[in-house]
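Read through the structure below, which is laid out as structure tokens, and then see the notes.
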Amino acid sequence: MEIRGYVVGVDGSVPARAAIRWAVAGARERGVGVTLVHVADDEWGAVGALLIDEVDQDAEKRLAEELAYARSLGVNVPISGEARTGSPMAELAAYSDEGTMIAVGTHKTGFHYGRAFGSRSLQLANLATGPVAIIPEAASRMRRGVIVGVDDTPAGEAAVDLAADLACDHHCELMTVRSSEAHIPFDSDDPDERRDWQLRRDDEARGFLATAVARARARQPGIVIRSRVVRRPAGAALNELARSAELLVIGDSRRAHAQLGSLGAVAYDVLLNLSSPTIVVHAPTAGARAGQQKAEGESHVIG
């Protein structure tokens with residue numbers, strides 16, 4: 001996956017500033033530009049032209065402040081801005097494509113906040129067709145490593161590709177993770193049968209990881225890769241492992257093709273209970289997939 005530009009949703013908040021810093025750093029690494037987008041929410045009803053003009057003026061002022069902040073970071077990155085009016089997440093999603101990384105900030109981390117208040121990042125991830133990065137305001141520079149959730153879908157493969165590229169760019173370790181938990185528990189009271197069944201599930205998960213490692217190794221031969229099988233729900237396990245990681249990368253769902261509004265259960269769980277900077281990757285469109293060459297390599301597990 002080639003990232004050709006970054007779009008950041010800005011509103012003057014501390015989390016939005018964290019997203020600006022994250023996007024500018026990524027753009028510097030790739031030699032691409034950043035566009036800051038401020039959306040004046042139009043859910044005002046019939047409020048009159050004068051108030052709408054005031055809202056527009058405030059939006060232009062806030063965008064100018066965020067542009068000044070982004071340019072004050074002192075990096076040689078092209079930075080531009082756009083002010084729009086409408087539904088914020090829908091307007092941001094309109095910029096989405098497979099080569100554009102959309103970044104938004106969030107102060108909602110942890111189970112309580114996610115369940116109690118929801119997250120607009122869920123709406124954005126549902127509407128977007130390209131990668132979406134959700135950046136917590138408390139993102140620490142002490143974090144290290146990239147973690148990727150592994151499955152056998154096109155979105156999962158795209159997530160592995162992007163995670164391998166990011167690990168290479170950041171000169172850090174990549175960890176591939178797969179849950180062996182079954183959605184339907186094994187129905188048996190015999191402890192030996194249950195143990196054998198769980199071991200078979202673990203072996204199946206290791207097979208998925210071996211394929212993912214081979215794909216990542218073929219794409220980025222120089223990176224260090226570890227693999228881990230977990231025996232608990234994937235979303236909870238990924239968030240727990242990602243607490244000290246600089247990035248968590250996940251596929252959007254288990255659907256075979258890109259599809260709006262198809263965010264899967266694992267992605268929902270991760271975003272509702274966010275613990276680290278997280279990127280949601282969507283399945284490539286049919287045209288993009290036709291032009292891709294599948295990575296090849298020997299299947300093995302490292303770590």
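The values are calculated or read from the model by the stated rules, or taken from the named source; none is laboratory data. Bear in mind the structure is a predicted one, so any value in this text is a computation, not a measurement. Cβ: placed from backbone, ideal geometry, glycine included. Neighbour counts: every protein chain shown.
The condition of being buried (at least 16 other Cβ atoms within 10 Å of the Cβ), among the small types (Gly, Ala, Ser) and either at pLDDT below 90 or touching a His at 6+ places or on another chain (Cβ under 8 Å) (or both) does not hold for Ala216. Within region 116-129, the set of residues being part of a loop (DSSP other than H, G, I, E, B) and at pLDDT 85 or above comprises Ala128, Thr129. Among the residues making up region 218-257, those that are in a helix (DSSP H, G or I) and within 21 Å of the chain's Cα centre (by Cα) are Arg219, Ala234, Gly235, Ala236, Ala237, Leu238, Asn239, Glu240, Leu241, Ala242, Arg243, Ser244.
Can you find a residue that is of a type in the set (S, T, N, Q), part of a loop (DSSP other than H, G, I, E, B) and not assigned by TED's automatic domain parsing to the domain that holds Ala27 anywhere in region 194-216? Looking through region 194-216, none of the residues is of a type in the set (S, T, N, Q), part of a loop (DSSP other than H, G, I, E, B) and not assigned by TED's automatic domain parsing to the domain that holds Ala27. Looking across region 130-156, just one residue is closer than 19 Å to Gly222 by Cα and either out of contact with any Ser or Thr (no Cβ under 9 Å at 6 or more places or on another chain) or in a helix (DSSP H, G or I) (or both), and that is Val146. Quick check: anything in region 55-68 in contact (Cβ under 8 Å) with a residue 60 or more places away in the chain, closer than 20 Å to Ala27 by Cα and in contact with a helix residue (DSSP H, G or I) (Cβ under 9 Å, 6 or more places away or on another chain)? No, region 55-68 contains no residue that is in contact (Cβ under 8 Å) with a residue 60 or more places away in the chain, closer than 20 Å to Ala27 by Cα and in contact with a helix residue (DSSP H, G or I) (Cβ under 9 Å, 6 or more places away or on another chain).
Report whether or not Ala16 is modelled with pLDDT under 95, closer than 14 Å to Gly105 by Cβ and either in a helix (DSSP H, G or I) or within 20 Å of the chain's Cα centre (by Cα) (or both). Here the answer is yes, as Ala16 does meet what is asked. Remark: pairs (first residue in region 241-254, closer than 18 Å to Asp165 by Cβ and not assigned by TED's automatic domain parsing to the domain that holds Leu272; second residue surrounded by fewer than 24 Cβ atoms within 10 Å (Cβ to Cβ) and of a type in the set (Val, Ile, Thr); Cβ separation under 8 Å; 6+ apart in sequence or on different chains) are absent. Evaluation of Leu209 against the conditions (1) modelled with pLDDT under 95; (2) surrounded by 22 or more Cβ atoms within 10 Å (Cβ to Cβ); (3) hydrophobic (A, V, I, L, M, F, W, C) shows that the sole unmet condition is (1).
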